[in-house]
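Notes for the one structure printed next.
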Amino acid sequence: MTRLAVIGAGIMGEDHARIVADELPGATLQVICDRDATRAKSVADALCAEDVSNDPEATILRNDVDAVIIASPDFTHAPLSMACIAAGKPVLCEKPLSQSPEECLSVIRAEQAAGTQYVMLGFMRRYDRSYAEMRQALVEGRLGRALMMHNFHRNVDTPNADFTGAMAITNSAPHEFDVVRHVLGTEFTSISAFQPRRSDQRVAPVVMVLQTADDQLVTIEVNNNAAYGYDVRAELVGEAGSIAMNNVAYTRTDTAFASSTGYDADWRGRYHDAYVRQNRDFLRFAQTGLFPDTASDCWDGYCAALVAETGAKSLSSGQREEINLTHRPEFYSARKGVAA
Ligand code: ISE
């Protein structure tokens, strides 16, 4: 049995812990850790975890913890990932690794110095079937050469009233930055970001146009005040055809001369299966030491952070901004499949 600790018992931490408890044969829920001891205890009790803690660093060092899931606040992700690297423990770290590309590079340096990969990043969309089928269609040559990928990412409303257009780019769009790189197997070279005007004080959608190293165009709309439901769409257009994501709904209601399907309120239902697949891959990684082909690593975390930072810069400058990635270390190229 692989003994897992979950650090952070908020919305995502509780979901990860539930997946470990209910859907991860071969793993046990060893420790639930949260700075808020009451919160840790209530999640641990509900899911029959072995123990609780309110000290993340001490949790990582425990002899009865084999691997770690980090779902604490974003600013803790990089330091806690570094602590896992130092302890030699595999870690599934929720996105983002850091919003600072520089801080991502520090984690990359620590991992390279350790000589082995420990950090898997929770960009779970790579495990969503729709994106996997898009990537497969491209790999098998069914679409011809990829020309464009269009993306829509809509949340019902913002997590807080201070949410800005720049935060739409740095908090929400990194999912698209990561999964599009994964599907197309390329890097972004430039980004332009635009915003229309709303009639109220709420944050307006952000629309981005990105160019890739292979001369493809990618559009991303992030609307954090879409009001009607959680809605993610994507279409990959090739020279010989296109492949589009369907709305994922298990039922359709037909009444009063109309037909309708529903939307989830947030991403957790829409991506539940992807989270389960991702966490199972993490467990295999923790057991075998072989970094999964599909998963995001620290290099991917750095790329997402740099694209996001450059996108926020474009939104404020009103200009197209170049994305200047540093050289990708050989250490991270080795394991990559078609995406390399
Ligand atoms: C949010 O920032 C997330 O991280 C979720 O995973 C995502 O699906 C949601 O739409 C974002 O806004």
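The values are calculated or read from the model by the stated rules, or taken from the named source; none is laboratory data. The shown structure was predicted, so the numbers you read here are calculated from the model rather than taken from an experiment. Glycine gets a Cβ as well: all are built from the backbone with ideal geometry, and neighbour counts include every protein chain shown. All accessible areas refer to the heavy atoms of the entire protein, side chains included, with ligands and DNA or RNA removed. Shrake-Rupley method; radii C 1.70, N 1.55, O 1.52, S 1.80 Å.
Answer yes or no as to whether Thr186 is within 20 Å of the chain's Cα centre (by Cα), assigned to a strand (DSSP E or B), on the phi < 0 side of the Ramachandran plot and surrounded by 15 or more Cβ atoms within 10 Å (Cβ to Cβ).
no
Of the residues that sit in the range 267-290 and are within 15 Å of the ligand (Cβ to nearest atom) and among the polar types (S, T, N, Q), which one is surrounded by the fewest Cβ atoms within 10 Å (Cβ to Cβ)?
Asn279
List the strands (runs of 3 or more DSSP E) that sit entirely inside the range 1-72 and contain at least 1 residues that are of a type in the set (A, V, I, L, M) and within 22 Å of Ile85 (Cβ to Cβ).
2-7, 27-33, 67-70
Quick check on the range 291-315: of everything there that is away from the ligand (no atom under 14 Å from the Cβ) and under 17 Å from Ile69 (Cα atoms), which residue is most open to solvent (accessible area, probe 1.4 Å)?
The residue in question is Phe291.
Does Gln136 qualify as being closer than 25 Å to Cys298 by Cβ, open to solvent by 50 Å² or more (accessible area, probe 1.4 Å) and either within 16 Å of the ligand (Cβ to nearest atom) or assigned to a helix (DSSP H, G or I) (or both)?
So Gln136 fails the test.
Within the range 218-266, which strands (runs of 3 or more DSSP E) (wholly inside it) include 1 or more residues that are within 13 Å of the ligand (Cβ to nearest atom)?
231-238
Filter the range 197-217 for residues that are part of a strand (DSSP E or B) and either away from the ligand (no atom under 15 Å from the Cβ) or basic (Lys, Arg) (or both) and give the result.
If the condition is that a residue be part of a strand (DSSP E or B) and either away from the ligand (no atom under 15 Å from the Cβ) or basic (Lys, Arg) (or both), then Val207, Val209, Leu210, Gln211, Thr212, Leu217 are the ones that fit.
Give the residue, chosen from Phe177, Phe152, that is open to solvent by less than 20 Å² (accessible area, probe 1.4 Å) and either in contact (Cβ under 8 Å) with a residue 40 or more places away in the chain or within 13 Å of the ligand (Cβ to nearest atom) (or both).
Every option except Phe177 fails the conditions.
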